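Below: the structure, in structure tokens.
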Amino acid sequence: MLECVRIMAMSIPKDVTFAQINRILELTDELELDREWIEIPLAASSPGKIRKLPNGKIEIVVDADVPFDEWLAAARQRIQRVSGA
């Protein structure tokens with residue numbers, strides 16, 4: 001039973017905070033990307049991902065296993081690559 005509880009606790013996604021969303025949007029603003037074309041899910045995932053969706057929008061999923069500041073620093077180049085900015 002304890003093992004089951006431990007596995008469930010590990011699989012619960014982390015929430016992305018409003019402050020973190022603002023920091024991501026500040027980054028996309030610096031890259032002159034329109035906020036209407038950015039999608040940021042409210043739950044982090046492991047692994048995180050940055051990809052262009054079929055509708056042309058950019059999905060930015062925060063990595064749940066990497067410290068946010070470290071993830072954000074690396075995300076800049078991935079966002080630039082995906083967006084063509």
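Residues that are within 18 Å of LEU25 (Cβ to Cβ) and part of a helix (DSSP H, G or I) within segment 75-85 comprise ALA75, ARG76, GLN77, ARG78, ILE79, GLN80, VAL82, SER83, listed in sequence order.
Within segment 17-44, the set of residues being of a type in the set (D, E, K, R), exposed (fewer than 12 other Cβ atoms within 10 Å of the Cβ) and in a helix (DSSP H, G or I) comprises GLU26, GLU30, ARG35, GLU36. Only residues that are within 16 Å of LYS14 (Cβ to Cβ) and either outside any strand (DSSP E or B) or out of contact with any helix residue (DSSP H, G or I) (no Cβ under 9 Å at 6 or more places or on another chain) (or both) were counted across segment 54-74, and they come to 11.
One line per residue, one yes/no per condition, for (1) surrounded by fewer than 11 Cβ atoms within 10 Å (Cβ to Cβ); (2) at pLDDT below 95:
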| residue | (1), (2) |
| --- | --- |
| SER46 | no, yes |
| LYS49 | no, no |
| ASN55 | yes, no |
| VAL61 | no, no |
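The values are calculated or read from the model by the stated rules, or taken from the named source; none is laboratory data. Remember, it's a predicted structure, so these values are computed and weren't measured experimentally. A quick note on method: Cβ atoms are made from the backbone with ideal geometry, for glycine too, and the neighbour counts reach across all protein chains shown.
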